[in-house]
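Visitor: Questions regarding the structure given below will be posed in turn.
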Amino acid sequence: MSVTYNSETKTFMLQGKNLCYSFWINDLGYPEHLYLGASVGNDDLRFTRTYGATSTAATPPGIDNVNSYNAFPSELSFFGTGDYREPAVQIVTPQGDRLCELLFDSYEIVPAKPKITGMPSLDGGETLILHLKDKINGFAADLYYTVYDDCSVICRRAVYKNCGSADVRLERAYSFTLALPDRDYDMISLYGVWAKERHIDRIPLHHGVVSIDSKRTSSSATLNPFIALLRRDTTEFYGEAIGVNLVYSSSYVLKAEVNPDGTSQITGGINDFDFNWNLAPGEVFETPDVVISYSDTGLGGMSRAFHDAYREHLINRRYVKASRPLLINNWEATYFNFDVPKLCAIADAVNGLGIDTLVLDDGWFGKRDNDYSGLGDWVVNDKKLQGGVKAISDYVHSIGMKFGLWFEPEMVSEDSDLYRAHPDWAIGTPDRKHCYSRHQFMLDLTRREVRDYIVKSVSDIIENNGVDYVKWDYNRNVTESWTYSLEPERQMEFAHRYALGLYDICERIVNGHPDIFFEGCSAGGARFDPAIMHYFPQIWTSDDTDAEERTKIQFGTSLVYPLSVMSCHVSVCPNHQTGRTTPFDTRAIIAHLGATGYELDTTKFTDEEKAAVKLQTAEYKKIERLILDGDLYRIDSPFEKGFFTEAVVAKDKSFAELVCYRRFVSVNNEVRRVKMVGLDPEAYYCLEEKNIKAKGSTFMNVGFSPDYPHGDFSAVKYHFTRI
């Protein structure tokens, strides 16, 4: 990793693992992008610059016969001085003008990546900070760039500063601009809804602006805060791919734009819809990290770069590579209908089968026998649970298992003691009725007293009941974005302040209990983003636990997020979401491509099913290191064909697993051959299940035919061990 500056050419060169990023300060003081791509020599890349037609383009202020800002590939686009592309920043001054001209002022190279105040961010080493400033109004921007030796990403963000003498109103505060040399790209995004999260959408980029966003004060299931631009011929294994992922959990926007001159750019960050922020003299506004991945080995290379970056530089170091709880969750077994004997029986039924944690889900607190009441009252319901939660926790610990507990800290029910005492703590305006979603309201995390209540009430339960594991849920999105904590003219700060409030309670609860394992959840996978990943080393991937549906959900999620973060459970059939019946082994094989567990009534297990679970958990332990730290190779996409095939390979290539899934069986099936990927081509391996010994190059170039079990929705796995 290196960051260098050539004072003669005024060129910055950032060299990371398998990538290079370069820009220069042109004669006007404008930071002009030169290159993002595969590693190149430390050469002067200004020879690459050519400019399209500039007729009718405005020149920079006060200068005639000079190219327009609109013609320069931008590091940070701004509005009002001749650049008509999507700006990364917009301000309003006291006199009402919206102009800024952010030009080079100075730079510094610091040895360690600075943290962002109040927000999760990647760590890292040597970082370039580029200082830009408007000479007229004193508004300034600092651009941060970090590259890495161990992953092919660059981390960027912007900090906006009011260095003038009067207030400035920020109306747009994106994290970055990235210029690209042409328009020959497709764009991938991840769309979805509840129980159908992160499905893949690929469209050609075209003239104008293509954007994805969330206005939900959440990163959302609808569109994940990720886009990728691919060359038109890029596949899973070949071609260029540039991925962009925002480390943020509230309303966001990402935009890709094709310009009239045939070039392109990407920009985005905090959503400027329903946003502004007042900056008094001396104040700063920090934007979230954006992680930009570059690959010349297709989508797979892009994904592995994201996975490495998040495992090495973002996810909680205490747990990122530690063995995960292998749990039984009672939700689909009992829903709200449980008591202490029932829960203890569920634990007894799996004791000795390899499952090590019982998680008690929704319904243990307040007046909570359905989802109409009780949220916010984090007091154990002793009438429902004789002896309280502690009775279950003590019993589970006595039989050698750990104990987990469900919370939904950000929510409140209308029928709750908390709401009756503090109705103003629920998000909403004083003169309008609330919108309901899942029969509940949301607490106003912009208010310190609300956050203090959440931290204390959740912490008291955790500390007094022997809790080893917490499942943190979030089952609705914000409506009525308004808070008593802000003046009328500052209400559009709400969505970002909610995110800062969320991160504050996460810091205090999660990091305040370092020995407890925390899992994130959000009505399934509706808040599955890198910022949440910083606090929760695994996230419930989807409420849809059907193995067939999960092949698509997990495949799409893996474009950006590592397997170790995906929480995946084996559930009962017929499946509670789809009504589909799939083989027990298939359910386990698919669920084991992530942090795994079970969610069904174990008291109904037959002896055969108990034996199957014991074998499944033992097999999972055998490949757990691959899930935590291996390299993922996607081979067959379930979006494109009736097969789902993935390989996970150890970093040192000593061991690998291949999962093969076939959707439907047909009479007289055609022969199918699968070629392994990711092995050391010169090393010899044993394909254990077939007792075949061959070179890695043989398995990768010749392949073999999987023995799919007979029937629909069948899956089989194979293991390769270096010999």
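Each value in this text was obtained by applying a stated rule to the coordinates, not by laboratory testing. Fair warning: this is a prediction, and the values are worked out from it, not measured in the lab. Heads up, the Cβs are rebuilt from the backbone with ideal geometry, glycines too, and the neighbour counts pull from every protein chain shown.
Visitor: For residue 218, list long-range residues whose amide hydrogen, built 1.01 Å from N in the peptide plane, is under 5 Å from its own amide hydrogen.
Guide: 251
Visitor: Still on this structure: From the C-alpha coordinates alone, can you work out the Kirkwood hydrodynamic radius of the chain, in Å?
Guide: That comes to 27.0 Å for the chain.
Visitor: Residue by residue through the range 632-645, what is 3J(HN,Hα) from phi via Karplus (6.51 cos²θ - 1.76 cosθ + 1.60, θ = phi - 60°)? Round to whole Hz and write x for glycine and proline.
Guide: Computed from phi, the couplings for the range 632-645 are 8, 10, 8, 10, 10, 8, x, 6, 10, 8, x, 10, 10, 9 Hz.
Visitor: On C-alpha positions alone, give me the angle between the axis of helix 547-557 and the longest principal axis of the chain, in degrees, nearest 10.
Guide: 30
Visitor: Okay, next question. 7 Å from Cα along Cα→Cβ at both residue 261 and residue 28: what's the point-to-point distance in nm?
Guide: 1.0
Visitor: Here's another thing I want to ask about it. Under a no-solvent Debye model with one identical scatterer per Cα of the range 25-175, what's log10 I(q)/I(0) at q = 0.09, 0.12, 0.18 Å⁻¹?
Guide: Result of the Debye calculation: -0.33, -0.58, -1.22.
Visitor: Now a separate question. At what distance in nm do the modelled label points of residue 712 and residue 608 sit from each other, each positioned 7 Å from its Cα along Cα→Cβ?
Guide: The answer from the label model is 2.0 nm.
Visitor: Something else: By a straight-distance test (C-alpha under 24 Å), which lysines pair with residue 622 as possible cross-link partners, with residues fewer than eight away in the same chain excluded?
Guide: Hits, sequence-local ones excluded: 321, 402, 610, 614, 651, 653, 675, 690, 693, 695, 717.
Visitor: Under a plain spin-label model, where a point goes 7 Å from the Cα along Cα-to-Cβ, how far apart in nm are residue 675 and residue 123?
Guide: 4.0
Visitor: How high is the FRET efficiency from residue 337 to residue 211, r the C-beta distance, R0 45 Å, rounded to 0.05?
Guide: The pair residue 337/residue 211 has a calculated efficiency of 0.50.
Visitor: Right, something else. Per the helix-only calculation at 222 nm, which mean residue ellipticity applies to the chain, given -39500 (n - 2.57) for every DSSP H run of n ≥ 4 and division by its residues, nearest 500 deg cm²/dmol?
Guide: Numbers: 12 runs with 134 residues, N = 723.
So the calculated ellipticity at 222 nm is -5500 deg cm²/dmol.
Visitor: Another question, then. How big is D for the range 636-722, in µm² s⁻¹ as a whole number, if Stokes-Einstein is applied with the Kirkwood radius of its Cα pairs at 25 °C and 0.890 mPa s?
Guide: 183
Visitor: Counting only DSSP beta bridges with both residues in the chain, what percent are antiparallel, rounded to the nearest 5?
Guide: 80
Visitor: In the neighborhood of residue 624, defined by Cβ-to-Cβ distances under 11 Å, what is the net charge if each Lys or Arg adds +1 and each Asp or Glu adds -1?
Guide: Within the 11 Å Cβ shell, the charges total +2.
Visitor: For residue 691 and residue 238, compute 0.36 nm times the residue count separating them, minus their Cα-Cα distance, and round to one decimal in nm.
Guide: Numbers: separation 453, 0.36 × 453 = 163.08 nm, distance 3.13 nm.
Value of the extension gain: 160.0 nm.
Visitor: Give me 449, 487, 286 ranked fewest to most by other Cβ atoms within 10 Å of their Cβ, as a rough exposure proxy. Numbers along the way, then the final one.
Guide: Values: 449 11, 487 8, 286 21.
Least to most surrounded, the residues fall as 487, 449, 286.
Visitor: With r as the distance between the Cβ atoms of residue 149 and residue 283 and R0 = 45 Å, compute the FRET efficiency 1/(1 + (r/R0)^6) and round to 0.05.
Guide: After rounding to 0.05, the efficiency reads 0.80.
Visitor: Arrange the following residues from fewest to most other Cβ atoms within 10 Å of their Cβ: 723, 509, 136.
Guide: Taking fewest neighbouring Cβ atoms as first place, the list is 723, 136, 509.
Visitor: To continue, here is another question. Can you give the FRET efficiency for residue 369 and residue 456, using 1/(1 + (r/R0)^6), R0 = 35 Å, r = Cβ-Cβ distance, to the nearest 0.05?
Guide: That pair, residue 369 with residue 456, gives E of 0.90.
Visitor: Further question: Work through the residues other than residue 452 whose Cβ is under 12 Å from its Cβ and net out their charges, Lys, Arg +1 and Asp, Glu -1.
Guide: Neighbour charge sum, excluding residue 452 itself: +3.
Visitor: Working out 0.36 nm times the residue gap between residue 721 and residue 449, then minus their Cα-Cα distance, what length gain in nm do you get to one decimal? Provide the component values of the computation, followed by the final result.
Guide: Details: separation 272, 0.36 × 272 = 97.92 nm, distance 5.59 nm.
Length gained between residue 721 and residue 449: 92.3 nm.
Visitor: Mind listing the long-range amide H neighbours of residue 264? Cut-off is under 5 Å, sequence gap 5 or more, other chains count too, H placed in the peptide plane at 1.01 Å from N.
Guide: Distant-sequence amide H within range of residue 264: 180, 182, 259.
Visitor: Measure nothing but the geometry: give the 0 to 90° angle between the long axis through the Cα atoms of 607-629 and the longest principal axis through the Cα atoms of the chain, rounded to 10°.
Guide: Between helix and principal axis, roughly 20 degrees.
Visitor: Can you run phi through the Karplus equation (6.51, -1.76, 1.60; θ = phi - 60°) for the range 583-592 and list ³J(HN,Hα) in whole Hz, with x for Gly and Pro?
Guide: My calculation for the range 583-592 gives x, 4, 5, 4, 4, 5, 4, 5, 5, 7 Hz in order.
Visitor: Another question, then. Averaging sequence separations of C-alpha pairs under 8 Å and six or more residues apart, then dividing by the length of the chain, give the relative contact order as a whole percent.
Guide: The normalised contact order for the chain reaches 10 percent.
Visitor: Okay, moving on. Can you give the translational diffusion coefficient of the range 470-605 in µm²/s, computed by Stokes-Einstein from the Kirkwood radius over Cα pairs at 10 °C and 1.306 mPa s?
Guide: 95
Visitor: Could you go through the range 157-165 in sequence order and give the Karplus-derived ³J(HN,Hα) for each residue, using 6.51 cos²θ - 1.76 cosθ + 1.60 with θ = phi - 60°, rounded to whole Hz, and x for Gly and Pro?
Guide: Computed from phi, the couplings for the range 157-165 are 6, 10, 10, 9, 10, 9, 9, x, 10 Hz.
Visitor: Continuing with the same structure: Could you list 605, 226, 273 in order of exposure, starting from the residue whose Cβ has the fewest other Cβ atoms within 10 Å?
Guide: 273, 605, 226
Visitor: Less than 14 Å from a label point 7 Å out along the Cα-to-Cβ axis of residue 166: which backbone N atoms in the range 112-136 qualify, by residue?
Guide: Residues passing the 14 Å test: 136.
Visitor: Further question: Quick one: length gained pulling residue 618 to residue 435 fully straight, 0.36 nm per residue minus the C-alpha distance?
Guide: On the way: separation 183, 0.36 × 183 = 65.88 nm, distance 4.72 nm.
That pair, residue 618 and residue 435, stretches by 61.2 nm at full extension.
Visitor: Another one. Quick check: the angle from helix 448-464's long axis to the longest principal axis of the chain, C-alpha only, nearest 10 degrees?
Guide: 30
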